[in-house]
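Colleague: I have a structure I would like to understand better, so I am pasting it below and will then ask my questions one at a time.
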């Protein structure tokens, strides 16, 4: 079986992984900034989702997204950042996007958000699994 053609200048897809890492990092840092800029809206949303004291949770979410995103951008602790963000997005999916409890348009919207987050989780798994390429922390990566 032959190996597929190279996807980057280094021949192993590291350029694609680095681009994904930077894009996801920017996505999470941007989301954190938006949460802090719209804190009142976020507090109201979490309050309606059943959080008794939502403000600390908004801060926690923003801090988690900012720290994880910056780690991806800075190319530091990439695997741990990806794992932390996967846990965060999974919790958001289960707690806030429970389409299975809804019907009609509300269920459709929440299913779309849930599915989008599954794509984000898949991307983070790819980034975390490829940690070690193009300046990441692992020295060697062996591709199957």
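The values are calculated or read from the model by the stated rules, or taken from the named source; none is laboratory data. Everything quoted here is computed from the prediction, not taken from an experiment. Neighbour counts are summed over all protein chains in view; Cβ atoms, including those assigned to glycine, are modelled from backbone coordinates with ideal geometry.
Colleague: Please determine whether any residue of the stretch 53-64 is more than 25 Å from residue 99 (Cα to Cα), modelled with pLDDT of 95 or more and within 14 Å of the chain's Cα centre (by Cα).
Modeller: Checking the stretch 53-64: at least one residue is more than 25 Å from residue 99 (Cα to Cα), modelled with pLDDT of 95 or more and within 14 Å of the chain's Cα centre (by Cα).
Colleague: Out of the stretch 89-101, which residues are surrounded by fewer than 18 Cβ atoms within 10 Å (Cβ to Cβ) and in contact with a helix residue (DSSP H, G or I) (Cβ under 6 Å, 6 or more places away or on another chain)?
Modeller: Within the stretch 89-101, just 99 meets the criteria.
Colleague: Which of (1) on the phi < 0 side of the Ramachandran plot; (2) touching a residue at least 24 places away in the same chain (Cβ under 8 Å) is the odd one out, the single condition residue 48 does not satisfy?
Modeller: Status for residue 48: all satisfied but (2).
Colleague: Tally time: how many residues in the stretch 37-53 are in a helix (DSSP H, G or I) and surrounded by fewer than 14 Cβ atoms within 10 Å (Cβ to Cβ)?
Modeller: The qualifying residues number 5.
Colleague: So which pairs qualify, if the first residue must be in the stretch 95-120 and touching a residue at least 40 places away in the same chain (Cβ under 8 Å) and at negative phi, the second must be surrounded by 13 or more Cβ atoms within 10 Å (Cβ to Cβ) and assigned to a helix (DSSP H, G or I), the Cβ gap must be under 6 Å, and the two must be at least 6 apart or on different chains?
Modeller: Every condition considered, the pairs that remain are 120/89.
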